Structure formats: structure tokens, C-alpha cells
1. Would you check if LYS128 is modelled with pLDDT of 95 or more and over 23 Å from the mean Cα position of the chain (by Cα)?
2. Among the numbered criteria (1) surrounded by 20 or more Cβ atoms within 10 Å (Cβ to Cβ); (2) over 30 Å from PRO141 (Cα atoms); (3) aliphatic (A, V, I, L, M), which single criterion is violated by VAL56?
3. Hey, among LYS209, LYS228, which residue is charged (D, E, K, R) and in contact (Cβ under 8 Å) with a residue 60 or more places away in the chain?
4. Of the residues in the stretch 1-53, how many are of a type outside the set (Lys, Arg) and either within 14 Å of the ligand (Cβ to nearest atom) or in contact with a strand residue (DSSP E or B) (Cβ under 7 Å, 6 or more places away or on another chain) (or both)?
5. Please indicate, with yes or no, whether at least one residue in the stretch 95-112 is touching a strand residue (DSSP E or B) at 6+ places or on another chain (Cβ under 7 Å), surrounded by 20 or more Cβ atoms within 10 Å (Cβ to Cβ) and more than 27 Å from GLY63 (Cβ to Cβ).
6. Which of the residues spanning the stretch 346-369 are touching a Gly at 6+ places or on another chain (Cβ under 9 Å), outside any helix (DSSP H, G or I), within 16 Å of the ligand (Cβ to nearest atom) and not polar (S, T, N, Q)?
7. For residues that are part of a loop (DSSP other than H, G, I, E, B) and not β-branched (Val, Ile, Thr), tally how many sit in the stretch 80-137.
8. From the list SER343, SER291, exactly one residue is within 16 Å of the ligand (Cβ to nearest atom), among the small types (Gly, Ala, Ser) and either in a helix (DSSP H, G or I) or in contact with an Asp or Glu (Cβ under 6 Å, 6 or more places away or on another chain) (or both). Which is it?
Amino acid sequence: MIFADRVLGVKPSATFKYDAAAKKPGVINLTIGRPDFDTPQVIKEAAKKALDEGRVHYTPSKGIPELRKAIAEKLEGENNITNLDRDKILVSGGGKQIIYCIIMALAGKGDVVAIPNPAWVSYEAQIKLANAEVEWLTLKPEEGFIPGEDFMNELEETNAKLLILNSPGNPTGAVIPERTIKKIMDVCVERDIFVISDEVYEKIIYEGKHYSPASEYENVITVNAFSKTYSMTGWRLGYCACADRAIIDRIDIVHQQSLSCCTSFAQYGALAAFSDEAKLAAEQMCEELKSRRDYVMKRIGEMDVVCAKPGGAFYVFPYFNGADDLELADELLEKGVGVVPGSAFGSQGRGCVRISYGSANIDLLSQAFDRIIR
Ligand code: GLU
């Protein structure tokens with residue numbers, strides 16, 4: 001078979017690859033980014049009820065109207081994004097699928113999409129699949145991977161059409177302060193750059209406050225998902241929102257032509273995510289993750305690495321000066337700990353490894369760090 005050019009330059013997802021490699025007896029798997037909690041019962045019951053009621057058919061491609069209305073209300077009430085209604089919301093098969101649809105709709109041959117360096121593995125791959133070009137904007141370990149002078153200078157020089165922002169961020173857990181996001185947004189307005197704000201970790205935040213740029217800027221598509229907040233990674237449900245309905249309608253063409261619509265009963269389940277019960281479960285999960293983060297930082301302190309305390313998500317991204325991160329990840333796997341090498345997330349990840357504490361309790365983390373430190 002002669003494959004299409006667009007897939008030849010794209011590697012398999014490193015997060016999935018290293019997760020598969022770590023699924024061996026005796027290995028403590030700190031690779032994949034997912035919480036190990038169950039989905040809140042109220043959400044599961046709502047999905048089961050929808051199944052029993054026979055809600056098993058196609059839904060409107062943008063998603064069931066009730067869910068889109070609830071999302072618009074959430075974005076207004078919690079994120080201060082006031083210019084939305086349900087027609088400006090698109091429910092998707094996870095954050096990943098909606099980012100893919102957005103990129104396919106907005107970027108093509110000759111277009112440049114700027115992303116942070118390091119960034120989640122799929123941004124680069126999706127931009128390449130769209131035949132567009134990737135431009136990396138430098139983040140530094142010693143700045144806690146928060147956009148600094150280099151990032152801003154590169155942004156001011158870029159001729160990118162799109163910028164992907166991700167706070168709290170994967171793979172670093174960095175929470176970008178509101179003032180920094182505003183500085184970035186001001187440059188984007190001036191330079192006519194549209195922003196995809198990936199906010200899937202917004203509720204997993206320990207220090208700092210989440211800020212949604214769409215609350216004050218129009219040139220933004222907000223992306224979010226149920227996956228991390230409610231531990232629903234297997235449900236595949238996310239969404240995007242934009243003040244410009246014409247943009248959402250275009251993205252919907254890609255979504256409709258590739259997926260039709262999201263799983264019907266999963267969407268009814270997700271409606272229950274807006275209940276007090278589900279919100280409480282999400283808060284409790286965040287508290288447990290904060291204890292894990294604190295424990296992990298204590299153990300990181302026993303090593304000779306550069307690692308700022310991450311304010312959110314469930315990752316740490318320590319920099320081992322002079323280390324080859326690919327070799328380090330392989331060696332750690334041999335010693336019984338699965339991690340993802342930092343260079344999979346961009347050249348600025350060289351020498352780092354991503355450790356996810358989303359799916360290991362403190363007992364397992366303790367054993368894992370004993371092995372890492374040894
Ligand atoms: N986003 C998670 C991660 O970075 C899940 C896997 C993936 O989709 O990449 O590990």
C-alpha cells in the first residue's frame with residue numbers, strides 16, 4: 001500500500017505508545033493522562049436511563065439541544081463567556097476530536113499554527129494531518145514552562161493564523177496567569193491570530209485561578225471536555241464554543257462528515273455533569289489529586305532536577321540536566337516505572353520526562369519514586 005503523504009510524517013501518539021508499553025505486570029504506569037476515579041454515579045445513572053428509554057439514535061450533529069444549552073449556561077456562569085447560545089456550541093468526541101475538527105476547518109496548506117514548546121503530543125500531529133505548518137513557541141523549565149520573554153518575542157514575530165493555548169497545561173501542569181494570557185491575547189488581536197483555548201484541565205487547578213480568554217476576547221474558540229473533570233475519558237465527550245456561529249458551523253461540517261454526532265446516551269449522561277452531585281465529586285477528586293501533587297513534589301525535591309511546582313492538571317515535568325529522556329524513559333520502564341519522554345512533546349521537553357499522577361494513588365507513587373530515585 002502506498003500511504004497518503006499526510007500520514008507519513010505523523011508518528012503514533014506517544015502517550016498511547018508509552019501507556020501500552022507500561023501495561024506489564026509489575027510496572028507502575030505513570031504514562032497516560034487520565035484520572036483513575038470512577039465517573040460520578042449520577043452521570044452513569046443518567047446514561048443508563050437514556051439507554052433504557054431507547055435514546056439510541058442519531059442526535060443533531062452539534063449535540064442534543066439540552067446539553068448545548070447547559071454548556072452555554074456553564075460557560076456564562078463559570079467562565080464569564082457571555083456571548084454564546086446553544087448554536088455556538090458543538091459537542092464532540094472528546095477534546096481531541098474537536099481540536100482536530102477545528103484545525104481541519106481553519107488550517108490548511110500554507111497556514112501556520114503556533115503551539116507552545118512543549119505541548120500535548122496531538123497538536124503537532126493534527127496540524128500536520130491538516131497539511132499546515134507547526135511553529136513552536138519556546139517555554140522554559142526554569143520559568144516553570146509559563147510563557148516568558150522568548151515566547152512573547154516569537155509570538156510577535158510569527159505569521160501564524162492560529163495559536164493553541166493550554167492552561168492548565170499538558171505536559172507541564174503549568175497554570176498561565178491571567179495577566180500573561182491577556183498579554184498573549186493582545187498580541188493575537190493585533191496580529192490577527194485566532195486562538196484555540198484548550199481548557200480541558202480547568203477544574204483541576206490547585207493554585208491560581210482559571211481564566212478563559214473568551215470572557216474578554218472574541219478571537220477565541222474555547223475547547224473543553226468532560227473527560228478529565230468527571231473522569232470520563234472513555235466516554236469521549238468534549239465540546240467547543242465560539243462567539244462567531246459561522247465558525248462553529250464550519251467546524252460542524254468536519255465533525256458531521258466524520259462522526260455524524262456523539263454517542264446519544266453518553267450525551268444524556270453528560271447532562272448530569274451539571275448537577276451538584278457531580279460537581280461535588282469533581283471537587284473531591286481535585287482535592288485527592290492535590291494531595292498526590294504535594295506528595296510528588298516532596299519526592300521530586302529529593303532529586304537533582306529542575307521542576308517548578310505545577311499549579312494544575314496531574315502532571316509533573318522534571319528536567320534532568322544532561323539526560324537523554326528517551327533513554328531515561330526506557331531505563332525507568334525496565335526498573336518498573338512507566339513515564340513519557342519529554343521530547344515527545346517538543347524539543348523543549350528534551351531532558352524531561354512526563355510523570356502523570358492522575359492514575360496512581362500515593363501508595364503507588366511512593367513505590368514509583370523509590371524506584372525512580374534509586
Ligand atoms: N491527554 C492524555 C495524555 O496526554 C490522554 C492521552 C492522549 O490523548 O494523548 O496522556
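1. Numbers: modelled with pLDDT of 95 or more: yes; over 23 Å from the mean Cα position of the chain (by Cα): no.
Criteria not met by LYS128.
2. Status for VAL56: all satisfied but (1).
3. Details: LYS209 fails: in contact (Cβ under 8 Å) with a residue 60 or more places away in the chain.
Of LYS209, LYS228, the one residue that is charged (D, E, K, R) and in contact (Cβ under 8 Å) with a residue 60 or more places away in the chain is LYS228.
4. If we filter the stretch 1-53 for residues that are of a type outside the set (Lys, Arg), which is where we start, we get 1-5, 7-10, 12-16, 18-22, 25-33, 35-43, 45-47, 50-53.
Pick out the ones that are also either within 14 Å of the ligand (Cβ to nearest atom) or in contact with a strand residue (DSSP E or B) (Cβ under 7 Å, 6 or more places away or on another chain) (or both) and you get 10, 12-16, 18-22, 27-33, 35-36.
So the answer is 20.
5. Checked against the condition, which is being touching a strand residue (DSSP E or B) at 6+ places or on another chain (Cβ under 7 Å), surrounded by 20 or more Cβ atoms within 10 Å (Cβ to Cβ) and more than 27 Å from GLY63 (Cβ to Cβ), the stretch 95-112 yields no hits at all.
6. Let us first name the residues in the stretch 346-369 that are touching a Gly at 6+ places or on another chain (Cβ under 9 Å), namely 348-354, 356, 358-359, 367-368.
Next, only the ones that are outside any helix (DSSP H, G or I) stay: 350-354, 356, 358-359.
Retained after the next criterion (residues that are within 16 Å of the ligand (Cβ to nearest atom)): 352-354, 356, 358-359.
Once the filter is applied, which keeps residues that are touching a Gly at 6+ places or on another chain (Cβ under 9 Å), outside any helix (DSSP H, G or I), within 16 Å of the ligand (Cβ to nearest atom) and not polar (S, T, N, Q), the stretch 346-369 yields CYS352, VAL353, ARG354, GLY358.
7. Residues of the stretch 80-137 part of a loop (DSSP other than H, G, I, E, B): 80-85, 93, 107-111, 118-120, 130-132.
Now narrow it down to the ones that are not β-branched (Val, Ile, Thr): 80, 83-85, 93, 107-111, 118-120, 130-132.
Residues that pass the stated criteria total 16.
8. Working: SER291 fails: within 16 Å of the ligand (Cβ to nearest atom).
Result: SER343 is the single residue among SER343, SER291 that is within 16 Å of the ligand (Cβ to nearest atom), among the small types (Gly, Ala, Ser) and either in a helix (DSSP H, G or I) or in contact with an Asp or Glu (Cβ under 6 Å, 6 or more places away or on another chain) (or both).
The values are calculated or read from the model by the stated rules, or taken from the named source; none is laboratory data. Just so it is clear, the model here is predicted, and its values are computed rather than measured. Counting neighbours? That spans all protein chains shown, and the Cβs are built from the backbone with ideal geometry, glycine included.
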